[in-house]
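Here it is: the structure, laid out below.
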Amino acid sequence: MQESSSDEEGSSLPGYFHFDQKATRDTLLRLIITGDCPLSLVESSYFREFISSMQPLVQHVDSEDIKNDIMNMYNLLMLEVQDILHKSPGRVAITTEMWTSCDENQDSVYMAIAVQFIDECGLLRKRLIRFAHVPFPDDPEFE
C-alpha cells in the first residue's frame, strides 16, 4: 500500500510503500503469460536493470523459476476446475478445436481442449484445459 502527499507545487510525493516480492512475482507471471513474452525475458540484462531501477530490493528470478511458477499455477487451476466440475449438477462436454497460426517460418498447427458445463447457478461455463502444438507431418502431400 502506498500513501502519498503533495509538495508545494502540487506534485505527488511518494510516502510509505511496502514492497511485496510475491505480489511482484505474480504480476511478472501475468505479464509473461498474457503478454505472450518469452520466459527468457527475465534473464535479459536490460530487463533486470529496468526492474532494479524501479525496485532495488527485488529478487531476480531466472526462466526456470518462471517455468516452475507457471506449472504450479496451472496445477492449481486444474484442481480448481476439477472441483468446479465435481460440483456441477449436470453433464460436461469436452470439445476440441484446431487452427493454424502463420508465423515467420511456417504455419503452426495448434489444438485446444475445452470443457463446457452448466455451473451451480445455471450458467454455461467454458474452461480451456489443454493447449498444444500439433506437429505437422513432413509428408509433401500435406503441403
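The values are calculated or read from the model by the stated rules, or taken from the named source; none is laboratory data. As the structure is a computational prediction, the values presented were derived from the model and not from experiment. Note that we place each Cβ from the backbone using ideal geometry, even for glycine, and neighbour counts take in every protein chain shown.
Evaluate the range 24-45: report whether one residue or more is surrounded by 12 or more Cβ atoms within 10 Å (Cβ to Cβ), basic (Lys, Arg), modelled with pLDDT of 95 or more and not in a loop (DSSP other than H, G, I, E, B).
no
What are the residue pairs meeting all of these: first residue in the range 115-127, first residue assigned to a loop (DSSP other than H, G, I, E, B), second residue among the polar types (S, T, N, Q), Cβ atoms under 7 Å, and 6 or more apart or on different chains?
Within 7 Å, the pairs are ASP119/SER88.
Here's another thing I want to ask about it. Quick one: how many residues across the range 46-73 are in a helix (DSSP H, G or I), farther than 28 Å from PHE131 by Cα and of a type in the set (S, T, N, Q)?
Adding up the residues that qualify gives 2.
Kindly indicate whether any position in the range 96-109 is at pLDDT 90 or above and surrounded by 12 or more Cβ atoms within 10 Å (Cβ to Cβ).
Scanning the range 96-109, I find no residue that is at pLDDT 90 or above and surrounded by 12 or more Cβ atoms within 10 Å (Cβ to Cβ), so the answer is no.
With the condition kept exactly as written, say whether any residue in the range 62-70 is closer than 30 Å to PRO137 by Cβ, of a type outside the set (D, E, K, R), in contact (Cβ under 8 Å) with a residue 24 or more places away in the chain and surrounded by 11 or more Cβ atoms within 10 Å (Cβ to Cβ).
The first filter runs over the range 62-70 and keeps only residues closer than 30 Å to PRO137 by Cβ, leaving 67, 70.
Now narrow it down to the ones that are of a type outside the set (D, E, K, R): 70.
Pick out the ones that are also in contact (Cβ under 8 Å) with a residue 24 or more places away in the chain and you get 70.
Pick out the ones that are also surrounded by 11 or more Cβ atoms within 10 Å (Cβ to Cβ) and you get 70.
For the range 62-70, residues closer than 30 Å to PRO137 by Cβ, of a type outside the set (D, E, K, R), in contact (Cβ under 8 Å) with a residue 24 or more places away in the chain and surrounded by 11 or more Cβ atoms within 10 Å (Cβ to Cβ): present.
Taking ASN68 as meeting all but one of (1) under 28 Å from LEU28 (Cα atoms); (2) at pLDDT below 85; (3) of a type in the set (S, T, N, Q); (4) out of contact with any Asp or Glu (no Cβ under 8 Å at 6 or more places or on another chain), write down the number of the exception.
(2)
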